[in-house]
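Student: Below is one structure. I have some questions about it.
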């Protein structure tokens, strides 16, 4: 079980992410504010960030340095440039939203264990 902060501004999808991660045995705190997410990330194992649609600027989020947690971003498959920018900014893993839907709990487990 990992302690997860999920930064998902879209509350409907955020609830889905929260439920999926909780069902996978993770303790999840869902937030919509980037500053709050970074504040909580210091005590978390994994910070999950919704990069789809431009509501969260992934590179700007990590501009101050690593948040203290491993980072998992997810993006819309029609925005591959978002993935590249997030990886260049230092995200540990960035996956399409569809993969997050299917494998989110396992992805978090892998990051939390250092895999």
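Student: Among the helices (runs of 4 or more DSSP H) contained in the range 23-115, which hold 2 or more residues that are without any contact (Cβ under 8 Å) to a residue 12 or more places away in the chain and over 23 Å from residue 11 (Cβ atoms)?
Tutor: Numbers: elements: 34-41, 58-61, 80-89, 97-112.
The qualifying helices (runs of 4 or more DSSP H) are 80-89.
Student: Something else now. Could you run through the range 59-75 and say how many residues are modelled with pLDDT of 90 or more and touching a strand residue (DSSP E or B) at 6+ places or on another chain (Cβ under 8 Å)? Explain how you work it out, then say what you get.
Tutor: Looking only at the range 59-75, we keep the residues that are modelled with pLDDT of 90 or more, and these are 59-62, 69-75.
Now restrict to residues that are touching a strand residue (DSSP E or B) at 6+ places or on another chain (Cβ under 8 Å): 61-62, 69-75.
Residues flagged as modelled with pLDDT of 90 or more and touching a strand residue (DSSP E or B) at 6+ places or on another chain (Cβ under 8 Å) within the range 59-75 amount to 9.
Student: Something else now. Tally time: how many residues in the range 21-34 are buried (at least 19 other Cβ atoms within 10 Å of the Cβ) and more than 12 Å from the chain's Cα centre (by Cα)?
Tutor: Selection size over the range 21-34: 1.
The values are calculated or read from the model by the stated rules, or taken from the named source; none is laboratory data. Note that the structure is a prediction, hence the values are computed from the model and not measured. Glycine also receives a Cβ, built like all others from the backbone with ideal geometry; neighbour counts cover every protein chain displayed.
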